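Scroll down for the structure; my scribbles are underneath it.
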Amino acid sequence: MVPVDRLTALELFRGSESSLVAALAKRAIEVKFAPDEVVFLTGSEPRGWWIVLEGKVRVVSVFGSRQHVVHTEGPGGTLGEVPLFGGGAHPATGIAAEPTVCALFTRDGLEAAIAEVPAIDAAGTRGGTRNGARSRLARAEMVGQRNWVESKGGGRFRIVDAAAMREALE
C-alpha cells in the first residue's frame, strides 16, 4: 500500500476523485531502487504499471555496447504502460538514475481497483460509443483529469489521454 497523499501529491492524480485514488493507493506496492538498479529489462514481461514517486528512472535501449536514453521519468512519470495495457514485453530497459521509489500496480491490483471504483475503468466508454466517450471525456474535464485507465477486457488495459480523445472525437 502507498499512502493516498503520496499519490495525490503527483500531478497525475491532482483533481481525481478521492475514491479513485484510495482504491489505487491500497493496491499499490511501494518499491525502492538504488542508483543503477534495474526496474525492468528489455524483453521481459511487465510486472505492472509503474509510477515514479521519488527519484528518476532512465529508460534506455541498448545497441551493441552502447546505451541510448529514450526518456527519463521523475515524480509522477509512468512506466510500463505500453506492454501492460497493450500486451507484449518491455521494449526498453528502465534503470534507477538515483535513489528512487516507485508505486507498482499489478494487473490483479488494477482489476480489483476497477471492480471497487468502476470510474477507473471509464465504464461509459467500454461499449465504444461516441456518446459514451463524450460523456467520459466531459466527466474527466470537469474534474481536471488529463488521463485515466480503462480495461480492454481479457486482463488488458490502456491509458486514455483526454486531449487525444477530444481530438479523435472532433
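Each reported figure results from applying straightforward, stated rules to the coordinates on display, with no laboratory input. Quantities reported herein were computed from a predicted structural model and do not represent experimental measurements. Here the Cβ positions follow ideal geometry from the backbone for every residue, glycine too, while neighbour counts run over all protein chains shown.
About its Cα centre, the dipole of the range 13-58 is roughly 100 debye, where the only charges are +1 on Lys and Arg Cβ and -1 on Asp and Glu Cβ.
As a proxy for reagent exposure, ranking L10, L110 by other Cβ atoms within 10 Å from fewest up yields L10, L110.
One decimal place: the segment E11-D36 gains 6.4 nm when fully extended, by the rule 0.36 nm per residue minus the C-alpha distance.
The HN-Hα couplings worked out from phi for the range 33-50 by the Karplus form 6.51 cos²θ - 1.76 cosθ + 1.60 (θ = phi - 60°) are 10, 7, x, 6, 7, 7, 8, 7, 10, 3, x, 7, 6, x, 6, x, 9, 9 Hz, whole numbers, x standing for Gly and Pro.
Please report the net charge: other residues with Cβ closer than 12 Å to the Cβ of W50, K and R +1, D and E -1.
Values: positive: R47; negative: E30, E73, E81.
Its environment carries a net charge of -2.
Here the Karplus relation 6.51 cos²θ - 1.76 cosθ + 1.60, evaluated at θ = phi - 60°, turns the backbone of the range 100-117 into coupling constants of 9, 10, 10, 9, 10, 10, 6, 4, 4, x, 5, 4, 5, 5, 5, 4, 6, 10 Hz, with x for every Gly and Pro.
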